[in-house]
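Participant: Sending over a structure as structure tokens; questions will come in a sec.
The values are calculated or read from the model by the stated rules, or taken from the named source; none is laboratory data. Given the structure is predicted, the values throughout are model-derived calculations rather than measurements. Glycine also receives a Cβ, built like all others from the backbone with ideal geometry; neighbour counts cover every protein chain displayed. When the accessible area is computed, the model is the full protein with side chains, heavy atoms only, and any ligands, DNA or RNA have been set aside. Shrake-Rupley method; radii C 1.70, N 1.55, O 1.52, S 1.80 Å.
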Amino acid sequence: MSLQLAAYLAASRLLPLIAPKLLTRRLAKGKEDGARWREKLGEPTLPRPDAPVIWLHAVGVGEVLALRGLIVQLADLRPDVEFLVTSTARSSAEVMGGQLPRRTRHQFLPVDAPQYLAKFLDHWKPCLSIWAEQDLWPGAVVAADRAGIPLAMVNARMNDAAFTRREKAKSLYGNLLKRFRLITAQDAITAANLKKLGAREVEVTGSLKSAAPPLAADKTALEAARVALEGRSPWLLASSHEMDEALALKAQAQLFAEDPSRLLVIAPRDPHRSGEIAAAARAMGLTVAQRSKGEGPGQAAVWIADTFGELGLWYRLIPVALIGGTFCQIEGHNPWEPLALGAAVLHGPRTANFAADFAQLDVSGAALPVTEETLLAALRADHTAQRSRASQIVHAARGSLRPLARDLLDLVK
């Protein structure tokens with residue numbers, strides 16, 4: 001064991017001295033789930049099923065949702081297995097609650113301290129531990145390895161900037177990565193960076209997000225929104241940030257002046273920003289409705305969908321989606337979710353978070369890159385051919401997870 005990892009594990013033994021107080025402070029600020037926050041102290045809120053359990057971990061909303069396609073394939077190959085998904089962010093739990101595949105439950109990952117991890121592993125007794133993307137907690141990895149639980153990393157993503165941040169702890173990461181029996185990466189850059197950190201073998205298999213099942217939507221809400229949109233020609237700004245909104249509102253002002261049936265639906269990445277977005281729209285002379293206030297679009301120019309976890313609804317109803325974060329330092333959000341539900345994808349120039357995905361989609365004609373100058377023309381265009389090409393790519397991607405699922409199951413005793 002490296003000195004860096006040994007020092008980390010020694011320090012982690014002190015976390016129980018402060019973790020309960022920190023969590024209760026976060027609870028008071030609404031940053032933790034009042035009914036489930038003690039899961040982070042290793043105290044489960046669900047019983048263990050009487051079956052082998054495969055444990056999968058991802059950090060946030062997008063990473064957790066991307067695991068669903070893999071879970072479906074694993075479940076199909078092993079009908080006797082149940083699944084546990086862990087994450088750390090409260091938002092991921094809220095979204096995942098309505099998107100869980102069959103035989104799957106969610107819990108929060110415990111704070112990375114030995115006593116909490118021991119409670120967690122003693123309760124769930126997983127037969128396999130699968131870690132997604134780049135969220136590795138050293139204490140949990142070591143505890144699982146010492147318990148004889150096979151470790152795998154899937155959908156790994158590490159660009160050069162992320163590698164540089166981890167290089168100073170190379171001996172720590174190298175020790176952790178050598179404990180994994182299987183590592184797969186989204187792209188060749190990630191594979192190379194993981195090897196530089198100490199991984200032995202890394203297979204490039206592409207992104208799991210391309211093969212994830214479509215986002216779910218509440219049937220009652222879907223029908224109500226469908227009725228509300230009748231007579232309108234909507235387009236969607238999905239997972240938006242301030243820069244995206246500024247460009248979209250400018251384009252919508254022009255479209256609405258030409259045709260009052262045109263409607264911009266904005267689904268902000270952070271729904272709490274809805275007041276700020278509404279003020280920006282009104283400052284441009286646009287009328288606004290807010291879904292969180294029970295307002296339908298009516299004859300408004302902008303409808304702010306400031307409710308959490310409803311992108312599956314909007315992608316079903318709105319034919320064109322501009323992906324947020326692609327005009328600012330956020331560097332883009334998941335393009336596969338709208339494609340899986342038949343929406344045509346437009347995006348700005350900043351896509352580093354999904355560089356390989358957007359590049360593949362752009363080359364194939366399944367997505368369309370736009371700038372501030374070309375956005376209006378794109379919104380006026382017919383996207384029928386683009387949506388057809390996207391459907392073909394999504395269908396092919398869903399069949400690509402079977403070999404990975406088999407390789408993972410081969411690790412189970």
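Participant: List the pairs from LYS119/LYS413; LYS119/LYS196; LYS250/LYS293; LYS29/LYS219 whose alpha-carbon separation is above 29 Å, in the order I gave them.
Facilitator: LYS119/LYS196; LYS29/LYS219
Participant: While we're on this one: Over what distance in Å are the Cα centres of region 97-126 and region 277-334 separated?
Facilitator: What the calculation gives is 34 Å, centre to centre.
Participant: Right, another one. Using a 1.4 angstrom probe and counting only protein chains, how large is the accessible area of LYS196 in Å², to 10?
Facilitator: Its heavy atoms expose roughly 100 Å² to the probe.
Participant: Can you give the Rg to Rh ratio for region 59-98, taking only C-alpha atoms and Rh from Kirkwood?
Facilitator: Computed over Cα atoms, the ratio is 1.01.
Participant: Sticking with this one: Quick one: how many Å² of ARG387 are accessible to a 1.4 Å probe, rounded to 10?
Facilitator: 100
Participant: I would also like to ask the following. Relative to the longest principal Cα axis of the chain, at what angle does helix 219-228 sit, 0 to 90 degrees, rounded to 10?
Facilitator: 20
Participant: Please report the carbon-and-sulfur percent of the accessible area for the chain; probe 1.4 Å, protein heavy atoms only, DNA, RNA and ligands left out.
Facilitator: Roughly 55 percent of what the probe reaches on the chain is carbon or sulfur.
Participant: Relative to the first principal axis of the alpha-carbon coordinates of the chain, what is the inclination of helix 274-283, with its axis defined by its Cα atoms, in degrees from 0 to 90 and to the nearest 10?
Facilitator: Once rounded, the angle reads 30 degrees.
Participant: Using only Cα atoms and rounding to the nearest 10 degrees, what angle (0 to 90) does helix 242-258 make with the longest principal axis of the chain?
Facilitator: 20
Participant: Restricting attention to region 220-321, which chymotrypsin sites (Phe, Trp or Tyr not before Pro) occupy a DSSP loop and are surrounded by at most 11 other Cβ atoms within 10 Å?
Facilitator: none
Participant: Of the listed values (1) 0.98; (2) 1.00; (3) 0.95, identify the label whose number matches Rg/Rh (Cα atoms, Kirkwood Rh) calculated from this model.
Facilitator: (1)
Participant: Another question, if that's okay. Pull out the extension gain between ASP160 and VAL204, defined as 0.36 nm times the separation in residues minus the alpha carbon to alpha carbon distance; nm, one decimal.
Facilitator: Gain in length upon complete extension: 14.2 nm.
Participant: In nm, to one decimal, how far is the modelled label at LEU3 from the one at ALA253, with both set 7 Å along Cα→Cβ?
Facilitator: Roughly 6.0 nm, to one decimal.
Participant: Quick one: P(r) of region 238-288 from all Cα-Cα pairs, 10 Å bins, percents rounded to integers, in order of increasing distance.
Facilitator: 26, 59, 15, 0
Participant: If you don't mind, another one. Once both labels are modelled 7 Å past Cα along the beta-carbon direction, what's the ARG146-LYS119 spacing in nm?
Facilitator: Rounded to a tenth, the inter-label distance reads 1.8 nm.
Participant: Give, as a single signed number, the net charge of other residues whose beta carbon lies under 11 Å from the beta carbon of GLU82, with Lys and Arg counted +1 and Asp and Glu -1.
Facilitator: Counting the neighbours of GLU82, the net charge comes to +3.
Participant: Another question, then. With charges only on Cβ, +1 for K and R and -1 for D and E, what is the dipole size of the chain about its Cα centre, in debye, rounded to 20?
Facilitator: In total the dipole reaches around 1260 debye.
Participant: A follow-up question, please. Go through 323-331, 354-362 and give me the packing order, highest mean Cβ count within 10 Å leading.
Facilitator: Ranked by mean Cβ neighbours within 10 Å, highest first: 323-331, 354-362.
Participant: Kindly report the accessible area of region 78-218 per residue (heavy atoms of protein chains, probe 1.4 Å, no ligands, DNA or RNA), in Å².
Facilitator: Each residue of region 78-218 exposes 38 Å² on average to a 1.4 Å probe.
Participant: Give me the distance in nm between label points sitting 7 Å out from Cα along the Cα-to-Cβ direction at ASP382 and ASP270, one decimal.
Facilitator: 4.2
Participant: Further question on the same structure: Take the Cα of ARG90, step 7 Å along the line toward its Cβ, and report every residue of region 1-41 whose backbone nitrogen sits under 11 Å from that point.
Facilitator: 24-37
Participant: How do 337-344, 25-32, 185-192 rank on mean C-beta neighbours within 10 Å, highest first?
Facilitator: The most tightly packed comes first, giving 337-344, 185-192, 25-32.
Participant: May I pose another question? Taking +1 at the Cβ of each Lys and Arg and -1 at the Cβ of each Asp and Glu, which of VAL227, GLN252, GLN329 sits farthest along the dipole of the chain towards its positive end, judged by Cα position relative to the Cα centre?
Facilitator: Of VAL227, GLN252, GLN329, it is GLN329.
Participant: In cubic angstrom, how much convex hull volume per residue do the alpha carbon atoms of region 184-267 span?
Facilitator: 152
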